[in-house]
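Since the structure comes first, as structure tokens, the remarks are kept for the end.
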Ligand code: MG
């Protein structure tokens, strides 16, 4: 089913702020479908296949990569957008692009690169995602980056410190003026949360890092597990987990839609301008918000800080740090296109190069630079 009629406060071609560089109207597709297509064909998007969220990519096929994560975010986001009569194509574009600025090795990689970049303007993956689509992709004759619509770029820039926002012009203005992004951006942000909490449960169980018994102490999971067990008393193994996770995702989506509809009504929102001026409109009910938080806390304690994950993160940090330091010590070690950039701003060139690496490329590059037995 396709959106035939958008809500008056949804983003459409009529109220879009358009692209930085003017282009002719797209043929046979909407402006936001065009954004989505540009993202899918980008180098940074393709590399998401070999980047991880929590686990290192080479640790096995058990875990989500950022590519499948982004596709899951798009699926969840589109379901929500359709039911709220929002612009599905915009949600899809934001979802597929939201992680393109991530470093190799998930959060550990990002934290380490940010530490390395202290004194050089820092490193933040949201800003880097915007930098990728605005500047770093080299695909067009007429402009750098992908020249995406304002609303797609706004959705990609989820958070931004005020000092950074001030340097970003129009796209950073909402952080300074205390305004919200479109509902499409808000929905995608929460679809991201639904996706990673649930797939981390799934990946965590499959890898054996967390157990069903531990998860039975988490209300959100326990409620749905009980429901599955009483509906299918003879069900065992993987199917119990998949039924439970599916049911959690479904409940979160339904709750989010219901609560967001209430918020929209209560705030008497009629236009996109009203959406920007109102407090955040996309939200879970307070009950589900609390339950979702409990699940997050559980995952932090039992999965993200599991000693096996900590070992991977530690290794990842060392690789990022050593790569950063060696390229800072001598920019002639960089590939030619980054050497040219390094003449202008060495630390940013190094950060761009390191951030663009996949997990396996970073490991390879580390070996090439530091292992004596390799060429
Ligand atoms: Mg994400």
(request) Scan the range 275-302 for residues that are buried (at least 17 other Cβ atoms within 10 Å of the Cβ) and in a loop (DSSP other than H, G, I, E, B) and jot them down. (result) 278, 281, 282, 283, 284
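To keep it simple, each residue is scored yes or no on (1) in contact with a helix residue (DSSP H, G or I) (Cβ under 7 Å, 6 or more places away or on another chain); (2) more than 16 Å from the ligand (Cβ to nearest atom).
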site	(1), (2)
64	yes, no
83	yes, yes
86	yes, yes
91	yes, no
103	yes, no
115	no, yes
120	yes, yes
(request) Test each condition in (1) part of a helix (DSSP H, G or I); (2) in contact (Cβ under 8 Å) with a residue 60 or more places away in the chain; (3) within 11 Å of the ligand (Cβ to nearest atom) for residue 70 and report the one that comes out false. (result) (2)
(request) Tell me, yes or no, whether the range 312-329 has at least one residue that is closer than 30 Å to residue 210 by Cβ and within 20 Å of the chain's Cα centre (by Cα). (result) yes
(request) State yes or no: is residue 49 modelled with pLDDT under 95, surrounded by fewer than 18 Cβ atoms within 10 Å (Cβ to Cβ) and part of a helix (DSSP H, G or I)? (result) yes
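The values are calculated or read from the model by the stated rules, or taken from the named source; none is laboratory data. Quick caveat: nothing in here was measured; it's all calculated off a predicted structure. Cβ atoms come from the backbone with ideal geometry, glycine included; neighbour counts cover every protein chain shown.
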